[in-house]
Amino acid sequence: MPKIILISLAVILAAFLGYQNFNSSSSIDKDTVISGDYKIGKDKTIVVRNGSKVVVKGKTEIAGSLRCENGAIKLETQGDLKVTGAIVCNRDKGDKKPSGDEQGINIIAKGDFDFEKDSVLASNAHIQIVESEDLLLQTQEDFKNAFNETAQDSGEGFRIGPLFNNIPKQTTFDNLPQLQITPQTDTNLPAVSLIKTVQADNSKRGAFRGKIGQSWGNPNDKLPGWVDLKDIPRYLDYLLFWVNMPNRTLELYDSVIFTPNGHDAKDILGGCDINAPDAEKIKDENDDTDAVKKNAMRMRARAKVIKVKNFHLFLGDGGKGGDAVTDKNCRPGKAIAGHGGNAANFKWTAQENIDIVGSFFIYPGKGGDGGKAIAYGDKGDPGCPGKTGFNATAKGGWGAPNHRVLSATGDVGGLQNIYIDQMVGGNGGDAEVYPGEGGDADKCDCKGGKPGTGYATPGKGGDVSLKYPPGVQRGVGVKDVKGEDGKAVGQKGLLGKDGSACGGDKSVTAKPSPSPKKVDTTSQNFGDQNPGQASIEVLVINGQNFPSKQFRVASPDECGALHYHADLEVSSVDLKTHMNDPNPSGCGFGKVAEIVKKTISISQEQAYVWQ
């Protein structure tokens, strides 16, 4: 019977189940050592409470259900382990220990490890299966290092993966748990050095034949209701499917893996100057950041030999960027939504061989979508004339790009058996703006104020690209899809009410505002709704028209002639070109005598921007 030794984090390992609710139950409430063999019968449920550790010195068979409560499952099997039932652990945020315990299921399998067809290994937190307790990832820093290393184009020996994109700062296995040098007292646990691995017993091999997934397994075959898997806790930053068996063979035959998606970032509702990308970098009470949580789970496998046949790897999608919505009385309002997270990734390394002996299907995850931004400007103050309404600026989050390169090093066998499916970029987030109305006139014969202007810039959809080694194939009829750009949505503000005529005429009120309208442009300005043309004085610099009111004329000084400077960044009339003073200690933007000044016609909306 083929065996498996597998280490994973925040994933579900699952096969078809025919179980019903188990009708017999008992618990283990403290650390327990079982000197002989141990079996959980088919109709039996054992609950491990408070993170108790169970050590079985003989053989272990789980035909029923092993569950957790108020802590992780910690199981050490010194003999062979056979699972035909289920090992399930749901962790709630409330039962996270002050020490930072984030574990779900830890199995130290010193003998062979065998998942039969009708078995489940399921948790919404970390799952690890290791040869020795020394190989367990223990701290958040361990998981962070392994998570970052998975996305790096690195790794000794034979390697397939990663689908690397933006490579994080280099991390090596030096910071990860390793087996220490120990006397060879247990034939099931070969002695290992930090530098060189002792040759393993060739009879030690592992295999998994079944289904692996997150919360629902195969889309056509849901997990049974009694598994009742909860969402992955938000306190888990680094989601990792971690396989580390340096002395054994890993076989993945006739199997399916579904990995979790990244967390969606938190929305920010309220305030008048919101920058979600910056906010997502701020650590919360658990020392976590949304910027990291958005990145989907990564799979990392490390073994002596890896063999694959008829294996389907579904990589999770990146999480969505946070929405940004201002208050409605902002003076002015500015909202920048969060960007989408990266899709899942994987990397396998083997000391002696990687052999794709049968089909290996890779389904890359989708880039995360950008968040939506909504900004409001307040009504202008009363006056004579009424004051201008306040502007509203919204920028939708960018969809995550999906630029991937599949790396393979060493003599990886069977590259022609790898098939890569569709690449999909994240969708850009919409941008909505609602600028403020103009202020009302507070005296007769005075005009109401102009409305504020809205600037809506939707997020860009993520681009896609894929490169891969010779021999690797694409799925039949596969067509990669760029993420859709977001949409600009807005409503023009109203003019403020004019004052009544001093002779007694009734005041003139503004026309009602039109309904919001959608446009498909990259950005859109929503200004005064009055039609018509206006004029403005501009300086022509590098062929672009810049309103002259942004500049000041400086005396000859070092330049030797009158010239133009600007204390702030200047923009062209159409807001598409922006410049800072190119020579603040010299002639600035140029000499007055050499810069063309003229008056041009502009739309009424542009006139309100530059009033």
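The values are calculated or read from the model by the stated rules, or taken from the named source; none is laboratory data. Computed from a predicted structure; not experimentally measured. Methodologically, a virtual Cβ is constructed for each residue, glycine included, from the backbone with ideal geometry; neighbour enumeration extends over all protein chains shown. To get the accessible areas, we keep the full protein, side chains included, count just its heavy atoms, and leave off ligands, DNA and RNA. Shrake-Rupley method; radii C 1.70, N 1.55, O 1.52, S 1.80 Å.
Results, tabulated for the structure shown:
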quantity: Flag for SER535 being within 30 Å of LYS450 (Cα to Cα), assigned to a strand (DSSP E or B) and at pLDDT below 85; calculated: yes
quantity: Long-range neighbours under 7 Å by Cβ, at least six apart or interchain, first residue under 8 Å from LYS82 (Cβ atoms) within the range 105-116, second among the hydroxyl-bearing types (Ser, Thr, Tyr) and at pLDDT below 85; calculated: GLU116/THR84
quantity: Among (1) modelled with pLDDT under 90; (2) under 32 Å from the mean Cα position of the chain (by Cα); (3) open to solvent by less than 30 Å² (accessible area, probe 1.4 Å) - the single one LEU81 does not satisfy; calculated: (2)
quantity: Boolean, LYS450 is in contact with a Leu (Cβ under 7 Å, 6 or more places away or on another chain), at pLDDT below 95, open to solvent by 10 Å² or more (accessible area, probe 1.4 Å) and more than 30 Å from GLN351 (Cα to Cα); calculated: yes
quantity: Top-ranked residue of the range 455-496 - restricted to ones that are of a type in the set (D, E, K, R) and not in a loop (DSSP other than H, G, I, E, B), ranked as most open to solvent (accessible area, probe 1.4 Å); calculated: LYS467
quantity: Residue, nearest to LYS460 (Cα to Cα), within the range 324-346, restricted to residues that are open to solvent by 50 Å² or more (accessible area, probe 1.4 Å) and more than 19 Å from the chain's Cα centre (by Cα); calculated: LYS334
quantity: Any hit, the range 337-360, residues being out of contact with any helix residue (DSSP H, G or I) (no Cβ under 7 Å at 6 or more places or on another chain), closer than 30 Å to GLY270 by Cβ, aliphatic (A, V, I, L, M) and touching a residue at least 40 places away in the same chain (Cβ under 8 Å); calculated: no
quantity: Long-range neighbours under 9 Å by Cβ, at least six apart or interchain, first residue of a type in the set (Asp, Glu) within the range 458-476, second at pLDDT 90 or above and open to solvent by 70 Å² or more (accessible area, probe 1.4 Å); calculated: ASP463/LYS482
quantity: Strands (runs of 3 or more DSSP E) contained in the range 106-147 and holding at least 3 residues open to solvent by less than 10 Å² (accessible area, probe 1.4 Å) and among the aliphatic types (A, V, I, L, M); calculated: 120-123, 126-130
quantity: Whichever residue in the range 310-323 is assigned to a strand (DSSP E or B) and free of Cβ contacts under 8 Å to residues at least 60 places away in the same chain and, among such residues, is most open to solvent (accessible area, probe 1.4 Å); calculated: ASN310
quantity: Qualifying positions in the range 380-423 - open to solvent by 60 Å² or more (accessible area, probe 1.4 Å) and closer than 15 Å to LYS334 by Cα; calculated: LYS395
quantity: Residue list for the range 347-378, restricted to those being buried (at least 24 other Cβ atoms within 10 Å of the Cβ), in contact with a Gly (Cβ under 7 Å, 6 or more places away or on another chain) and part of a loop (DSSP other than H, G, I, E, B); calculated: GLY365, LYS366, GLY367, GLY368, ASP369, GLY370, GLY371, LYS372, GLY377
quantity: Total residues in the range 153-163, condition assigned to a loop (DSSP other than H, G, I, E, B) and either surrounded by fewer than 17 Cβ atoms within 10 Å (Cβ to Cβ) or in contact (Cβ under 8 Å) with a residue 60 or more places away in the chain (or both); calculated: 4
quantity: Residue, farthest from ILE602 (Cα to Cα), within the range 560-591, restricted to residues that are polar (S, T, N, Q) and either open to solvent by less than 80 Å² (accessible area, probe 1.4 Å) or touching a residue at least 24 places away in the same chain (Cβ under 8 Å) (or both); calculated: SER585
quantity: Residue list for the range 363-372, filter: in contact (Cβ under 8 Å) with a residue 60 or more places away in the chain and not acidic (Asp, Glu); calculated: PRO364, GLY365, LYS366, GLY367, GLY368, GLY370, GLY371, LYS372
quantity: Single residue of the range 535-559 satisfying the filter (among the β-branched types (Val, Ile, Thr) and without any contact (Cβ under 8 Å) to a residue 60 or more places away in the chain) that is most open to solvent (accessible area, probe 1.4 Å); calculated: VAL553
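Per-residue answers, yes or no, for (1) among the small types (Gly, Ala, Ser); (2) at pLDDT below 95; (3) more than 30 Å from GLY358 (Cβ to Cβ):
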residue: LYS372; (1), (2), (3): no, no, yes
residue: ILE420; (1), (2), (3): no, yes, no
residue: CYS444; (1), (2), (3): no, yes, yes
residue: TYR455; (1), (2), (3): no, yes, yes
